[in-house]
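This report refers to the structure that appears directly beneath it.
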Amino acid sequence: MSRLILLLMLLTGYQSFSQENLSIQNIGNRKTYSLNGKWNYIVDPYETGYYNFHLDQYDTRKDFQMGAYYFNYHSPNKQDLVEYDFDKSPVMNIPGDWNSQAKDLFYYEGTVWFKKSFDYSLKAGKRLFLNFGAVNYKTDVYLNGIKLGAHTGGFTSFGFEVSALIKSSNNFLVVKVDNKRQKDAVPSTNTDWWNYGGITRDVTLVETEDTFIEDYSIQLDKQDTTKITGFVKVNNARPNDSVTIKIPELHLFYKTNLTTDSIINFEFFGKNIKYWTPGEPKLYQVLLSYNSQVLEDKIGFRTIATRSGKILLNGQPVFLKGICIHEENARGGRGNSKEDALRLLTWAKELGCNYVRLAHYPHNENIVRLADKMGLLVWEEIPVYWSINFKNPATYQNAENQLKDMITRDKNRASVIIWSMANETPLSAERTKFITDLISVAREKDPTRLISAALLSESKDGIHTINDPLGAYIDLVAFNQYLGWYGGNLEDAEKIKWTSIYDKPLIVSEFGGDAKQGLHGNKYDRWNEEFQEYLYIQNLKMIDKIPNLAGLSPWILVDFRSPRRLLPGIQDGYNRKGLISNEGKKKKAFWIMKKYYGNKR
Ligand code: GCU
């Protein structure tokens, strides 16, 4: 684009078009145009394309800045000093992290710029939205040299309306991604997983009518299992427009007219509803109509609750036979596709699971929708992990934003039964206030699901006690324990007692130990498969005796990359607690766990 046109756009106030972060529900069932594919990228460790040499930020200025990468400038003459060129820069597959796609970016933490050129003819009366499934970690988005806005958080979707900016040809979308770890971020600087940077999930243009259904919630009422209730939110609503909800298989048809408000709350009653369960994951076709527009979704109906030490699914006790999962693909990169989800959940099913803990951040929508279909109950969590800066209001706001985005996206998924607020956070008054505030937001946004957090325990004289103050605020008291790996003797397993000061269901949300697949030896020597197998046998003997035990999710299904795990010849940059190696080979402990679940009723 020539400098003159850019200048005109800047002068007419197009400089910054920042707007609220919009997340349209159920993109997969709308009219979309994918921007996935090859994008050019520029590695910019000094953020030369974002600041001038005095660290003035280019995109807060009104005048044209030749050095600002988001102009994607190509000079018409040889006098201009332009020191970048996206079109002559390398390309990378999007969606996909940069660490696993470019050898020289394996450990890179910093800024990378991405550019995608495309044409799009938007007909009159239509609107166009740009949506990102997730970008890790801090993102600035520009279209045709104009800033759309910014987003912080590496695992939730966000988007912007681009109707006024799109051109029929030669659009250029420039995205600045910065994955530097920050003390005040969520997560903070210290994690036991790889800090994959980049545009890690789908990039999609969504075309809509001038007014359209933006969001909706359709759930079974917690108390009355014949009642289906929720809301429909219409964007740019006009009074007296009509909204209908149909569930053909239940012969349900609900119609109402909008008033002045763009949100309608509804309830209607169904007969002979087949409730969703892991054994029979019944999903109903739901048709939402707004004027002549029809949006389809597949939704399961079930209730989840706790009573004393039990978890009740549709009023019946259920034991969570689970496994923890990190979002990684077979190549050792950030997972995001339907194939990645199928690979992981098929193994979980083979293990005998009815439940998965998606650790330690919201996973991609493919895996949650697949869990709906395959009949796997799901624990989802936000990355309030280890030592977050609990004293910083901005850190709290970041965590709350991620929590709300996670609930907004997955609130219609029957498989999701637990929202977890935190993992192994150190005790302090600030931390408990930070997390109980998050719990209040979660309960307000979604009163239908269970709230949990993975806690630590105290042990004294062979008695392990769950007495974390958070236990008073959560429905499920989950805790991580590593008998035989981070302490304790496996031979004592059957003598160890567990107690909780809460009369609530207990979940062992993590236990396990490392083994290098294919390394064999005696069961007392770390790192070999026999050791891991023995560790599982002994831990399960102890776990079986925990009062109010309502489930467990061993750590972890598959070996995963971690910069903390560096033992040469054994870890080599992988956490080896997987029951399956990163090459997809099962270890001996996998069969111990499978047998345990097979015998568990
Ligand atoms: C911790 C933590 C995990 C970590 C695991 C381990 O409990 O929750 O993220 O990977 O233990 O040390 O392997």
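Every number in this text was worked out from the coordinates using simple rules, so none of it is lab data. Please read these numbers as outputs of a predicted model, since none were measured by experiment. We place every Cβ from the backbone using ideal geometry, glycine too, and count neighbours over all the protein chains shown.
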Exercise. Do any of 78/115; 62/183; 541/588 go past 25 Å between their Cα atoms, and which?
Worked result: 62/183
Seminar exercise, completed: Per the rule of 0.36 nm per residue minus the C-alpha distance, extending residue 312 to residue 77 adds in nm 77.5 nm
Problem set entry | Nitroxide proxy distance, nm - points 7 Å out along Cα→Cβ at residue 66 and residue 150 | 2.7 nm
Problem set entry | Unit charges on C-beta of K, R, D, E only; dipole of the chain, Debye | 1320 debye
Problem set entry | In degrees, nearest ten, helix 588-599 long axis to first principal axis of the chain (Cα) | 70 degrees
Problem set entry | All-pairs alpha carbon distance profile, segment 401-535, 5 Å steps from 0, percent | 2, 9, 17, 17, 15, 13, 11, 9, 6, 2, 0
Exercise. Once Lys and Arg get +1 and Asp and Glu get -1 on their Cβ, which of 277, 333, 553 lies farthest toward the positive end of the dipole of the chain?
Worked result: 277
Problem set entry | Computed over segment 153-210, Cα set: Rg, Dmax in Å | 15.7, 45
Exercise. Karplus couplings for segment 203-212 from phi (6.51 cos²θ - 1.76 cosθ + 1.60, θ = phi - 60°), rounded to Hz, Gly and Pro as x?
Worked result: 10, 9, 8, 10, 9, 10, 6, 4, 10, 7
Problem set entry | Paired Rg and Dmax values of segment 230-298, which use every Cα atom, in angstrom | 13.5, 44
Exercise. Between residue 31 and residue 522, what is the spin-label point distance in nm, taking each point 7 Å from the Cα along the Cα→C-beta axis?
Worked result: 7.2 nm
Problem set entry | Derived scalar couplings ³J(HN,Hα) [segment 518-524; Karplus, 6.51 cos²θ - 1.76 cosθ + 1.60; whole Hz; x for Gly, Pro] | x, 8, 10, x, 8, 6, 9
For this session: Using Cα pairs closer than 8 Å and at least 6 residues apart in sequence, work out the relative contact order for the chain, in percent.
Result: 11 percent
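Going by average Cβ density within 10 Å per residue, which order do the peptides 272-278, 371-377, 593-599 take, highest to lowest?
Values: 272-278: 17.4, 371-377: 21.3, 593-599: 15.0.
Going by the mean number of other Cβ atoms within 10 Å, highest first, we get 371-377, 272-278, 593-599.
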Problem set entry | Label point distance in nm, residue 210-residue 583, each placed 7 Å from Cα along Cα→Cβ | 6.2 nm
For this session: Take the alpha-carbon centre of segment 453-517, take the same for segment 539-601, and report the distance between them in whole Å.
Result: 16 Å
Problem set entry | Computed over segment 46-94: relative contact order in percent, which uses C-alpha pairs under 8 Å that are six or more apart | 27 percent
Exercise. Using Cα atoms only, what is the angle between the long axis of helix 529-543 and the major principal axis of the chain, expressed in degrees (0 to 90) to the nearest 10?
Worked result: 70 degrees
Exercise. With θ set to phi - 60° and the Karplus curve 6.51 cos²θ - 1.76 cosθ + 1.60, what are the ³J(HN,Hα) couplings of segment 168-180 in order, to the nearest whole Hz, using x for Gly and Pro?
Worked result: 5, 8, 6, 6, 10, 9, 10, 10, 9, 10, 10, 9, 4
Exercise. Based on the alpha-carbon gyration tensor of segment 284-406 and its eigenvalue square roots a ≥ b ≥ c, which shape applies: rounded if a/c is under 1.5, prolate if not and a/b is larger than b/c, or oblate?
Worked result: rounded
Seminar exercise, completed: To the nearest 10 degrees, the tilt of helix 429-445 (Cα long axis) against the first principal axis of the alpha carbons of the chain is 70 degrees
Seminar exercise, completed: Length gained if residue 93 through residue 117 is fully extended, taking 0.36 nm per residue and subtracting the Cα-Cα distance, is 7.2 nm
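With a ≥ b ≥ c the root eigenvalues of the C-alpha gyration tensor of the chain, is it rounded (a/c under 1.5), prolate (a/b larger than b/c) or oblate?
Because a/c hits 1.5 or more and a/b fails to exceed b/c, the chain counts as oblate.
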Seminar exercise, completed: Checking rank on 223-231, 206-214, 24-32, with mean other Cβ inside 10 Å and highest first, the result is 206-214, 24-32, 223-231
Seminar exercise, completed: Ordering 382-388, 321-327 by per-residue average of other C-beta atoms within 10 angstrom, highest first, gives 321-327, 382-388
Seminar exercise, completed: Given Cβ charges of +1 for Lys and Arg and -1 for Asp and Glu, the option among 520, 454, 493 whose Cα lies farthest towards the positive end of the dipole of segment 445-599 is 520
Problem set entry | Residue-span extension gain [residue 103 to residue 497] - 0.36 nm each, minus C-alpha spacing | 137.0 nm
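Once you sort the root eigenvalues of the Cα gyration tensor of segment 344-388 as a ≥ b ≥ c, which label holds: rounded (a/c under 1.5), prolate (a/b larger than b/c) or oblate (the other case)?
prolate
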Exercise. Taking neighbour Cβ counts within 10 Å as the exposure measure, how do 501, 496 sort from fewest upward?
Worked result: 501, 496
Problem set entry | Size descriptor, Kirkwood hydrodynamic radius, that averages inverse alpha-carbon separations across segment 71-118, Å | 12.9 Å
Exercise. Rule-of-thumb check for segment 508-572: C-alpha Rg over 2.2 N^0.38 Å?
Worked result: 1.25
